[in-house]
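Following: one structure in structure tokens, then a few remarks.
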Amino acid sequence: MPSPSPPRALPAPGPWALVLLALLVSLPLALAPGYFSHDELQWAARAESLRHVPWWPAADQFQFRPLTFNLWMALSRALFAQPQAFHAVLVAWGALNAGLVCAVGRRFGMTAWGAAIGALLFVLSPYAVYVHGWVGTIADLIWVSAALVVAWCALRMTVAWQIGVLAFVVTAIALLGKEAAVSIPLLACVGVVFDRARRVRWGAVVIGSGLAATAFVLWRLPALLHAPRDGVAYVPSLANVPMRWIEYQLFTPIIGRMEASTVFLDGVLRWPVLVAIVVCIAVFAALWRARPVLAWVWLAAGVASLAPVLLLGQAWNHYAYAYAIVTALCLATAWPMTSGWRRCALLAFGVLSVLHGGFVMYRMVYVAKVQAVFSPALVRAVDGHTAVDPLRLRVGDGAKPWIFERLTHEIPGIGTRVVLVETAPDYVIQPDGTLTAARTSLPTQ
């Protein structure tokens, strides 16, 4: 009798299959019936009166992102009234990025399953979920997509000068989306140091993207250093670097936190923080035992992806979008090289990351449902009120104050006519966003 043929292994999904999987797992974000924060509402109002943002900045303009702002306004004019359609655009964009992550992983030499799992781990991470679920993160989608395109092309192309020209052009476009694109040449420097087989290609990327980034920074440096900005969160300081780095490291394994800036909200010696510290140290040790170069790449590429924002006074989830890619690919690469406690460490981090991403997704969809009820009710209730005689709202029992602080913050035509109070309100905000009249002469909204 002929010997039975061995069972065929399940084929790993390729980049396009990853796009479909990413769309599927992100479906709740695409179906969200409302919006997450004030930015979407502000830019939708601006889009009604402003046709475009100038492509040449004023000398004292701090944020210069004409590609992002013009795209945002165009999408707002077309899609704001249909939140699900707006969210679907961002979710689809994020899914394409997941496909690129898979393709880049394969070009780096990862196994098909390793690249696929790394891409899924990325798209389900709390950082990626936050970006794909909030319209206010278009800038991060732009520059990280550009970085992935540069990496994918550099891993495919062989002619150095062509790689350099492409890197220059793509990085210049990315810089019009967000200043954080200066991380692209920094990430390429990591390739020069650790990817010896393709050192010439990464060197071409460093030169091309570095020229674009250097020219941009020199042009914008006076405004970046001295232009007025909103609050201390945007004031750069070297003193901020250690704390920002620690917050971005520890946020992923702490499931119950919505924002990276709240990692130490309840103190340092709390069990979620202590568990996150142990898990992160164990992951580093596991990467080191798998291959020391992986541990160094995780650190170096992590710093490179976060470099522009480590100086800032506050951590934000969307700032670590590229860092989520670095982490996912490093962990997925190390998995087949490890066993025992090392696999347990990688698995623990991966499970906590996915659970945390699920928590963030749930909260973002919840806020979207509340906004879909609250904002129309607010528009009706605020009619007839002025900045001198504002509408007085109290956050009711069970409602989340931070949601309504955001949804009433500097909204054109509304923000100055609304105030949140503790006593003598006109309306009480219910957990679902409805407004209950606090006086019998007022109708419930």
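Do we have any residue at all in the stretch 40-61 that's assigned to a helix (DSSP H, G or I), closer than 30 Å to Arg291 by Cα and not β-branched (Val, Ile, Thr)? No, the conditions are met nowhere in the stretch 40-61.
Checking Ala154 against (1) open to solvent by less than 10 Å² (accessible area, probe 1.4 Å); (2) of a type in the set (Gly, Ala, Ser); (3) modelled with pLDDT under 95: exactly one of these is not met. Which one? Evaluating Ala154 over (1) open to solvent by less than 10 Å² (accessible area, probe 1.4 Å); (2) of a type in the set (Gly, Ala, Ser); (3) modelled with pLDDT under 95 leaves (3) as the failure. Mind checking whether some residue in the stretch 348-357 is farther than 23 Å from Val135 by Cβ, open to solvent by less than 30 Å² (accessible area, probe 1.4 Å) and assigned to a loop (DSSP other than H, G, I, E, B)? Checked against the condition, which is being farther than 23 Å from Val135 by Cβ, open to solvent by less than 30 Å² (accessible area, probe 1.4 Å) and assigned to a loop (DSSP other than H, G, I, E, B), the stretch 348-357 yields no hits at all.
Tally time: how many residues in the stretch 26-39 are assigned to a helix (DSSP H, G or I) and open to solvent by less than 50 Å² (accessible area, probe 1.4 Å)? Here the count works out to 4. Restricting attention to the stretch 281-301, the residues that are within 28 Å of Tyr234 (Cβ to Cβ) and open to solvent by 50 Å² or more (accessible area, probe 1.4 Å) add up to 1. Filter the stretch 157-189 down to residues that are farther than 14 Å from Thr214 by Cα and polar (S, T, N, Q) and give me whichever is modelled with the highest pLDDT. By that ranking, first place goes to Gln162. Confirm whether Ala197 is under 20 Å from Trp298 (Cα atoms), assigned to a helix (DSSP H, G or I) and at pLDDT below 95. Considered against the rule, which asks whether it is under 20 Å from Trp298 (Cα atoms), assigned to a helix (DSSP H, G or I) and at pLDDT below 95, Ala197 comes out as yes.
Kindly indicate which of Val278, Val268 is in a loop (DSSP other than H, G, I, E, B), aliphatic (A, V, I, L, M) and open to solvent by 40 Å² or more (accessible area, probe 1.4 Å).
That would be Val268, the only listed residue that is in a loop (DSSP other than H, G, I, E, B), aliphatic (A, V, I, L, M) and open to solvent by 40 Å² or more (accessible area, probe 1.4 Å).
Any residue at all in the stretch 65-82 that is crowded, with 18+ Cβ neighbours inside 10 Å, in a loop (DSSP other than H, G, I, E, B), modelled with pLDDT of 85 or more and under 19 Å from the mean Cα position of the chain (by Cα)? The answer is yes; a qualifying residue exists.
Identify, please: which residue in the stretch 381-434 is under 29 Å from the mean Cα position of the chain (by Cα), of a type in the set (A, V, I, L, M, F, W, C) and part of a loop (DSSP other than H, G, I, E, B) and is, among those, nearest to Val367 (Cα to Cα)? Selected residue: Ala399.
Listed here are the residues, each with its yes/no results for (1) within 17 Å of the chain's Cα centre (by Cα); (2) buried (at least 21 other Cβ atoms within 10 Å of the Cβ); (3) modelled with pLDDT of 95 or more; (4) more than 25 Å from Gly357 (Cα to Cα).
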position: Ala88; (1), (2), (3), (4): yes, no, yes, no
position: Ala92; (1), (2), (3), (4): yes, no, yes, no
position: Gly105; (1), (2), (3), (4): no, yes, yes, no
position: Gly109; (1), (2), (3), (4): no, no, no, yes
position: Leu121; (1), (2), (3), (4): yes, yes, yes, no
position: Ser125; (1), (2), (3), (4): yes, yes, yes, no
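Selection over the stretch 210-265 of residues that are closer than 25 Å to Met364 by Cβ, part of a helix (DSSP H, G or I) and open to solvent by less than 60 Å² (accessible area, probe 1.4 Å) gives a count of 10. A single member of Ala424, Ala381 is farther than 17 Å from Ser37 by Cβ and open to solvent by 40 Å² or more (accessible area, probe 1.4 Å), and it is Ala424.
Take the conditions (1) more than 26 Å from the chain's Cα centre (by Cα); (2) within 30 Å of Gly433 (Cβ to Cβ); (3) of a type in the set (A, V, I, L, M, F, W, C); Ala285 misses just one of them, which is (2). Given the structure, is Gly398 within 30 Å of Leu27 (Cα to Cα), crowded, with 20+ Cβ neighbours inside 10 Å and among the small types (Gly, Ala, Ser)? It is false that Gly398 is within 30 Å of Leu27 (Cα to Cα), crowded, with 20+ Cβ neighbours inside 10 Å and among the small types (Gly, Ala, Ser).
The values are calculated or read from the model by the stated rules, or taken from the named source; none is laboratory data. All of these numbers come straight from a predicted model, not from anything done at the bench. Heads up, the Cβs are rebuilt from the backbone with ideal geometry, glycines too, and the neighbour counts pull from every protein chain shown. SASA here: full protein model, heavy atoms, side chains in, ligands and nucleic acids out. Shrake-Rupley method; radii C 1.70, N 1.55, O 1.52, S 1.80 Å.
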